[in-house]
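The block underneath contains the structure these notes are about, expressed in structure tokens.
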């Protein structure tokens, strides 16, 4: 086996040439899952030297548009992934791989990329698709414990610390859920999307939908303005993960053993990551009926996540950064919800109207509890 690739390579050739668990975070889904064809699998795997394939098993997690297989071979166990259309820009993939290779060299916990046998390439192509092969890491989902939330916070701080001196070979993206035009545009599209998807329900609840969307729009803009007034734009920027949630981590007990999915990594202020992580690791769900979801967050997990972050030497969050966290959480909560609903009229399999009403309740709770949350943050 050629081992982990030294660096990603770009190719315009149309032939083969150049994990996650569930959590309590907000994650939309889709319907039909794509699969590998037998000849596709044979051609792609012919580029790797990983021994004799002994078994092939579908890995039905993550994006349904990105098929994955667990391959058990004479040399070990691997995860093969075909990138989904829209997630296969070669330069963006190259940046993601360059980042992962850098972190792997720093002993950060992540699945190692495997290079092709002939040119040690981490992103081979076949029929306009990009493929990735990773060493498989076994683990469990987030167990909703405060101890696991603390280790997730600690791991995020380590991620930020290791990347302070990272100089990317490829240009990273910028922008985030904070003050994003795309979020406000999505809110404007929601009434029309709901009317198209479920006209009878949208008609009967038109005023309710309008009031909720207006509330979320006002709340989002107010939170963004408040964060800006606190000085966010003056703070240092670096590479952040930008999708720090339980589904992108594997655990053993309460310890993070692997962080996956670096596609959203970009340049931002670190608190953008921290606030989203604090939200994702403290939010409380309630099954398929959003009406049953509670308004409040899990305060113990919230505090544990932030204490975990601060436990890493030289990564202590400034008080000014901490004061922005509740307001950035509001922005993240709204952004994560309205974008998929504006596109499809639903969030995963949940009714879009009901989901928005639940988000409104949660936003109101954070607004009401912001001062109390800031008091907790001052003790972190």
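Readers should treat all values here as calculations from the given coordinates under stated rules, not as data from a laboratory. Since the model is a prediction, treat every value here as computed from it, not as a measurement. Backbone-built Cβ (ideal geometry, glycine too); neighbour counts: all protein chains shown.
Descriptive notes on the structure:
- Annotation: Cα Rg of the stretch 109-177 relative to the compact-globule expectation 2.2 N^0.38 Å equals 1.51.
- Cα Rg, Dmax, the stretch 196-266, angstrom units: 19.5, 49
- Rg/Rh for the stretch 38-135, where both radii come from Cα atoms and Rh is the Kirkwood radius: 0.93
- Ellipticity at 222 nm from helices only: DSSP H runs of n ≥ 4 in the chain, each -39500 (n - 2.57), divided by the residue count, give -14500 deg cm²/dmol.
- Zero-based 10 Å bins, Cα pair distances in the chain, whole percents: 5, 23, 31, 25, 13, 3, 0
- Cα Rg, Dmax, the stretch 132-215, angstrom units: 21.1, 55
- Cα-Cα pairs of the stretch 170-291 separated by more than 17 Å (percent): 70 percent
- Cα centroid of the stretch 29-69 to Cα centroid of the stretch 221-289, whole Å: 29 Å
- Computing Rg and the Kirkwood Rh from the Cα coordinates of the stretch 270-357 gives a ratio, Rg/Rh, of 1.04.
- The stretch 146-378, relative contact order [Cα under 8 Å, separation at least 6], %: 32 percent
- Each Cα pair under 8 Å and six or more residues apart adds its separation to the average, and for the stretch 183-295 the resulting relative contact order is 19 percent.
- When you restrict to C-alpha pairs under 8 Å that are six or more residues apart and normalise by the size of the stretch 98-140, the relative contact order lands at 31 percent.
- Order by protection proxy (mean Cβ within 10 Å, highest first), peptides 124-134, 329-339: 329-339, 124-134
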